[in-house]
Amino acid sequence: MLLFIEERMGRKYVEGENIDFSQSYEESGPSTPIFFILSPGVDPLKDVERLGYSLGYTCENRRLHNVSLGQGQEKVAEEAIQIAAREGHWVILQNIHLVRQWLPRLEKKLEIHADGAHQEYRVFMSAEPASKPENHILPQGILESAIKITNEPPRGMQANLHKALNNFTQDTLEMCSKEAEFKSLLFSLCYFHACVAERRKFGSQGWNRPYPFNTGDLTISVNVLFNYLEANSKVPWEDLRYLFGEIMYGGHITDDWDRRLCRTYLEEFLHPDQLDGELNLAPGFPAPPNLDYSGYHSYIDTCLPQESPHLYGLHPNAEIGFLTMTSEHLFKTVFELQPRDMGNTSGVVITREDKVKQTLDEILEKLPEEFNMSDITGKVEERTPYVVVAFQECERMNLLIRIIRVSLKELDLGFKGELKITSAMEDLGAALFLDQVPESWAVRAYASTLGLTSWYADLLLRMKELETWVGDFQVPPSVWLAGFFNPQSFLTAIMQSTARKCELPLDQMCLQCDVTKKNKEDFTSPPREGAYVHGLFLEGASWDNDTSILIDSRLKELHPQMPVIFIRAITVDKAESRNLYECPLYKTRERGPHYVWTFSLKTKEKPAKWILAGVALLLQV
């Protein structure tokens, strides 16, 4: 897409050009504030502070008022605006999107002081962009009167690494008494910062959740590095990794698996080997020797390999996945913009209502009946953990089928004019038209990223699997783990069954995962203990069936299917720990909120390799 735009419109439309902030400042005035639209990893207010310092506006001389909104800071902000308008000061209002109720009052304050204020009076504001149109909360008056500025984050490792290094100077490199150690660790921190910032582009394979890492994290970390090197005779590697990984950068992180990733990066990049020139920050990119400031910039330009996922510890397949997701999002947006009435090949116009009615009828025609819970419960003599799981799954399926049937029949009556069309019906119709799972269904369903057509086919398969199970309540020879609303309940049932049989406490049990060399068709009966499960996919790596270990991904094979896995419960003290990668299992590619369990997979490589590669098991792709 970038190549197409560059060819058709010119290179300037694909290259971001950084405009000096002083030029924007010259266009501002007492009645024209400057509004920054925040981007991840960029702190534009540093430019304000830098320009203010050169013009004599600093927090020290009280001519610059810097207010971070939230937690009752509205009154402080109002007082700062009042003083600044009278005395000719500057006011920085950070994150105004956090004080929704106060924004109309801010708009009035800015209008009042727009006329008659001191000529040197300036207001600078910042806010994050809204994720959805309905979340736009900024008053129109503020947006119309302000100069809008956005600084896009740098793209690619080279640009990110240069930008990270630009936060420092030659004087910074020379300020520590342990100059060689300080310079080496500072460069490693810059590479670490570039990695964690740019890794966001790989979506959930990069980070389970997006985090607002910014240059402030890097500069504070370097200050901490300086203080610790000055206070210790030797480099306190463990202390530094803990401070950076758990506090400076880790303070943003809310997901335990992301915290493990951050910690692993630091273990790889902050290592005693780098002081001897024996550390590679990436394949083909050794840690630089002792250089001056311009030398480090030159080293990046001459020695950094070409941009690829390898620079972040990921496999090249990660870029295919990232570009595919970007394309899907683009086409989805284009599809949503298409005309509501379409003509087919014969020239007949198909209205939006016709298409929705057709989809509605197809779903109702194939929709199965609900489970008769009284008949099902009457078959059971003993409520084993597996039987309880079956009951729970049937009840959840009944609830989902009921809401699908009721909502579709209501919409059908609305089309016939027998019911008034409500906003809920309109939302349902829009979802059916766009081949999306309606929100009212999704909240009662299992996690899924499929479109409506694929989702409904998947629903019918789950229903068929459940009907087979409740027919005789015998655990199938191989269980389709992805077919559960709540797969954790089945895995817990495995532990409960073993704990009851062996009279062991449940809190001393764990699951052992043994990958077989067979497919589900090869099994005709379940194991005596535990269960065989199938339908799991691997992301970020491949599985070698001959040696039964993790191996590098095969090119263009994004989600290879795993063989059947034998899962059984054992006591914690018998669990293996050597040559294993603790692999998280998720319900969908979105990962984060859909974590299920942790399976241990055998590996001959260091676990750090698979952690950096974002290797995970998925139930649906």
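The values are calculated or read from the model by the stated rules, or taken from the named source; none is laboratory data. The structure presented is a predicted model; accordingly, all values stated were derived computationally and were not measured. Glycine also receives a Cβ, built like all others from the backbone with ideal geometry; neighbour counts cover every protein chain displayed. Heavy atoms of the whole protein, side chains included, go into the accessibility calculation; ligands, DNA and RNA do not. Shrake-Rupley method; radii C 1.70, N 1.55, O 1.52, S 1.80 Å.
Here Thr264, Thr254 are screened, and the one residue that is farther than 25 Å from Thr169 by Cα, at pLDDT below 95 and of a type in the set (Val, Ile, Thr) is Thr254.
If you take the residues of the range 201-242 that are part of a loop (DSSP other than H, G, I, E, B) and over 29 Å from Leu45 (Cβ atoms), which of them is farthest from the chain's Cα centre (by Cα)? If you could, list the steps in order and put the result at the bottom.
Restricting attention to the range 201-242, the residues satisfying the condition of being part of a loop (DSSP other than H, G, I, E, B) are 206-214, 232-236.
Filter again for over 29 Å from Leu45 (Cβ atoms), leaving 232-236.
Values: Asn232: 38, Ser233: 40, Lys234: 38, Val235: 34, Pro236: 32 Å.
That would be Ser233.
For the range 485-499, the tally of residues that are open to solvent by 30 Å² or more (accessible area, probe 1.4 Å) and either under 27 Å from the mean Cα position of the chain (by Cα) or without any contact (Cβ under 8 Å) to a residue 12 or more places away in the chain (or both) stands at 2. Pairs linking a residue in the range 509-523 that is of a type in the set (Val, Ile, Thr) to a residue that is surrounded by 15 or more Cβ atoms within 10 Å (Cβ to Cβ) and not in a strand (DSSP E or B), with Cβ atoms under 9 Å and 6 or more positions apart or on different chains, are Val515/Met562; Val515/Pro563; Val515/Val564; Thr516/Phe523; Thr516/Pro563; Thr516/Val564. In this structure, is Ala194 at pLDDT 90 or above, among the small types (Gly, Ala, Ser) and open to solvent by less than 10 Å² (accessible area, probe 1.4 Å)? In short, yes. Pairing each residue of the range 535-547 that is of a type in the set (Ser, Thr, Tyr) with any residue that is crowded, with 17+ Cβ neighbours inside 10 Å and part of a loop (DSSP other than H, G, I, E, B), provided the two are 6+ apart or on different chains, yields C-beta distances under 6 Å for Ser542/Ser553. For beta carbons closer than 9 Å, sequence separation of 6+ or different chains, a first residue in the range 364-379 that is over 14 Å from Leu400 (Cβ atoms) and a second that is modelled with pLDDT of 90 or more and open to solvent by 80 Å² or more (accessible area, probe 1.4 Å), the qualifying pairs are Leu364/Lys409; Met373/Glu395.
Out of the range 479-510, which residues are more than 27 Å from Ile401 (Cβ to Cβ) and either modelled with pLDDT of 95 or more or assigned to a helix (DSSP H, G or I) (or both)?
Selection gives Ile494, Met495, Gln496, Ser497, Thr498, Ala499, Arg500, Lys501, Cys502, Leu506, Asp507, Gln508.
Tell me which of these Leu399 doesn't satisfy, since it passes every other one: (1) more than 18 Å from Ala531 (Cβ to Cβ); (2) at pLDDT below 95; (3) in a helix (DSSP H, G or I). Of (1) more than 18 Å from Ala531 (Cβ to Cβ); (2) at pLDDT below 95; (3) in a helix (DSSP H, G or I), only one is false for Leu399: (2). Within the range 321-348, residues that are farther than 30 Å from Gly540 by Cβ reach no partner that is at pLDDT below 70 and of a type outside the set (A, V, I, L, M) with beta carbons closer than 8 Å at six or more positions or on different chains. For the range 402-426, the candidate set comprises residues that are aliphatic (A, V, I, L, M) and under 31 Å from the mean Cα position of the chain (by Cα); within that set, the residue that is most open to solvent (accessible area, probe 1.4 Å) is Ala424. Residues of the range 520-558 that are surrounded by fewer than 17 Cβ atoms within 10 Å (Cβ to Cβ), within 28 Å of the chain's Cα centre (by Cα) and farther than 18 Å from Thr603 by Cα: Leu555, Lys556, Glu557.
Within the range 587-608, restricting attention to residues that are basic (Lys, Arg) and under 20 Å from the mean Cα position of the chain (by Cα), the residue that is farthest from Phe537 (Cα to Cα) is Arg591. Scanning the range 280-317 for residues that are β-branched (Val, Ile, Thr) and open to solvent by less than 60 Å² (accessible area, probe 1.4 Å) yields a total of 1. Across the range 571-586, which residue is nearest to Phe202 (Cα to Cα) among those that are over 27 Å from the mean Cα position of the chain (by Cα) and open to solvent by 40 Å² or more (accessible area, probe 1.4 Å)? Per the criteria, the residue is Asn579.
The set of residues in the range 56-92 being within 19 Å of Ile34 (Cα to Cα), aliphatic (A, V, I, L, M) and part of a helix (DSSP H, G or I) consists of Ala77, Ala80, Ile81, Ile83, Ala84, Ala85.
When restricted to residues that are among the aliphatic types (A, V, I, L, M), closer than 16 Å to Leu399 by Cα and open to solvent by less than 20 Å² (accessible area, probe 1.4 Å), the range 443-464 contains 2. Do the conditions hold for Ala482, that is, is it of a type in the set (A, V, I, L, M), within 30 Å of Lys409 (Cα to Cα) and free of Cβ contacts under 8 Å to residues at least 24 places away in the same chain? When the stated conditions are applied, Ala482 does not pass them. Taking the range 502-526 as the range and being out of contact with any helix residue (DSSP H, G or I) (no Cβ under 6 Å at 6 or more places or on another chain) and more than 24 Å from Pro560 (Cβ to Cβ) as the test, the residues that pass are Cys502, Glu503, Leu504, Pro505, Asp507, Thr524, Ser525, Pro526. For Phe187, indicate whether it is touching a Pro at 6+ places or on another chain (Cβ under 7 Å), under 22 Å from Glu268 (Cβ atoms), surrounded by 21 or more Cβ atoms within 10 Å (Cβ to Cβ) and of a type in the set (A, V, I, L, M, F, W, C). Considered against the rule, which asks whether it is touching a Pro at 6+ places or on another chain (Cβ under 7 Å), under 22 Å from Glu268 (Cβ atoms), surrounded by 21 or more Cβ atoms within 10 Å (Cβ to Cβ) and of a type in the set (A, V, I, L, M, F, W, C), Phe187 comes out as yes. Exactly one residue out of Thr384, Thr359 is β-branched (Val, Ile, Thr) and either under 24 Å from Gln488 (Cα atoms) or touching a Ser or Thr at 6+ places or on another chain (Cβ under 7 Å) (or both), and it is Thr384. All of (1) crowded, with 16+ Cβ neighbours inside 10 Å; (2) closer than 30 Å to Arg100 by Cβ; (3) at pLDDT 85 or above hold for Pro153 with one exception: (3).
Summed over the range 104-131, the residues that are modelled with pLDDT of 90 or more, surrounded by fewer than 17 Cβ atoms within 10 Å (Cβ to Cβ) and either aliphatic (A, V, I, L, M) or in a strand (DSSP E or B) (or both) give a count of 0.
Would you check if there is a residue in the range 243-262 being over 18 Å from the mean Cα position of the chain (by Cα), farther than 26 Å from Pro210 by Cβ, among the aliphatic types (A, V, I, L, M) and open to solvent by less than 50 Å² (accessible area, probe 1.4 Å)? Looking for residues that are over 18 Å from the mean Cα position of the chain (by Cα), farther than 26 Å from Pro210 by Cβ, among the aliphatic types (A, V, I, L, M) and open to solvent by less than 50 Å² (accessible area, probe 1.4 Å), one finds none in the range 243-262, hence no. Taking residues in the range 454-465 that are without any contact (Cβ under 8 Å) to a residue 40 or more places away in the chain and assigned to a helix (DSSP H, G or I), and partners anywhere that are surrounded by 17 or more Cβ atoms within 10 Å (Cβ to Cβ) and among the aromatic types (Phe, Trp, Tyr), the pairs with Cβ atoms closer than 6 Å and at least 6 places apart or on different chains are Glu465/Trp480.
Looking at this structure, is Phe371 among the hydrophobic types (A, V, I, L, M, F, W, C), outside any helix (DSSP H, G or I) and surrounded by 13 or more Cβ atoms within 10 Å (Cβ to Cβ)? So Phe371 passes the test.
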